[in-house]
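For reference, the structure discussed in these notes is given below.
The values are calculated or read from the model by the stated rules, or taken from the named source; none is laboratory data. Since the model is a prediction, treat every value here as computed from it, not as a measurement. Positions of Cβ are generated from backbone atoms using ideal geometry, with glycine treated the same way; all protein chains shown enter the neighbour counts. Keep in mind that these areas ignore ligands, DNA and RNA; they rest on the heavy atoms of the full protein, side chains included. Shrake-Rupley method; radii C 1.70, N 1.55, O 1.52, S 1.80 Å.
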Amino acid sequence: KNRRPPMAELSPGSSAEEVLAHLRSIGSEENRRGMLRYGIRIDRALGIPHGVQRQIARKIRRNHERAFELWASGITEAQFIASVTADPKRLTVDDARAWAASFDSWDIVDGVSDLFVDTDHWRELIDEFAADEREFVRRTAFAMIAWSVVHRKKEPDATFLHFLRLIEVHAADERNFVKKAVNWALRCIGKRSLALHAPAVALAEKLAASPDKTARWIGRGAVKELTDAKTLARLESKKRSD
């Protein structure tokens, strides 16, 4: 059996090759198979838990050039670590487009969307990706909307009202990984503030009454969560603390 190098050997000075060697040494076939239960594609995965990937990213710290080398490996876990250790201020629109073009599973979309929201081009990317017909690129737009609720604290409500329009436009996209992200985005916007809650619920109710099956599914799921007593109580306490 090969000795598994301990994570202690990784550092901010570790090269992409060293990080990749470590990842390959800790991969698990059992974990890979388990990922299938969650609808995750495993062709490019080594089977490393998400928490371990985050620990490695913290250990090696930000290094934009190395992040691109990790990305180029095509290994899912290396790409997630690349997204955590890349510099969002240096990631260009073309970089984001190139990375999104390779997306093939919901987990890598949701991980990397977190980085995209921290770039200066996030709003333009959301509009562009929402208009894109590729399933995982369109999912990226709505995953970014969901993350922007968390990351973009100072963003005016007008931005999120625009996102509600995008949600309405694409609510009939019946592809599994798109409709789930559209539903996620709608619920997140509705929970951002009391001011956004009412328009989000109004849209959710409109979708719930739609003749389209996918729009109804999205709407009903959002109505259920956004009108829940716990959600309303959280929004009220958030308003008091603001």
Residue count for segment 131-173, restricted to those that are closer than 25 Å to A98 by Cα and of a type in the set (D, E) = 4
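Inspect segment 122-143 for any residue being at pLDDT 95 or above and touching a Pro at 6+ places or on another chain (Cβ under 6 Å) and give the result as yes or no. Steps first, please.
Residues of segment 122-143 at pLDDT 95 or above: 122-143.
Checking which are touching a Pro at 6+ places or on another chain (Cβ under 6 Å) leaves us with none.
No, because not a single residue in segment 122-143 is at pLDDT 95 or above and touching a Pro at 6+ places or on another chain (Cβ under 6 Å).
Which of the residues belonging to segment 116-143 are part of a helix (DSSP H, G or I), farther than 20 Å from G39 by Cβ and open to solvent by less than 10 Å² (accessible area, probe 1.4 Å)?
Start the filter on segment 116-143 by keeping residues that are part of a helix (DSSP H, G or I), which leaves 116-117, 122-131, 135-143.
Applying the additional criterion that residues be farther than 20 Å from G39 by Cβ yields 116-117, 122-131.
Within segment 116-143, F116, V117, W122, L125, I126, F129, A130 qualify.
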message = For segment 1-97, give me every one of the helices (runs of 4 or more DSSP H) that falls completely inside it and has 1 or more residues that are free of Cβ contacts under 8 Å to residues at least 12 places away in the same chain, surrounded by 15 or more Cβ atoms within 10 Å (Cβ to Cβ) and over 24 Å from the mean Cα position of the chain (by Cα).
response = 16-26
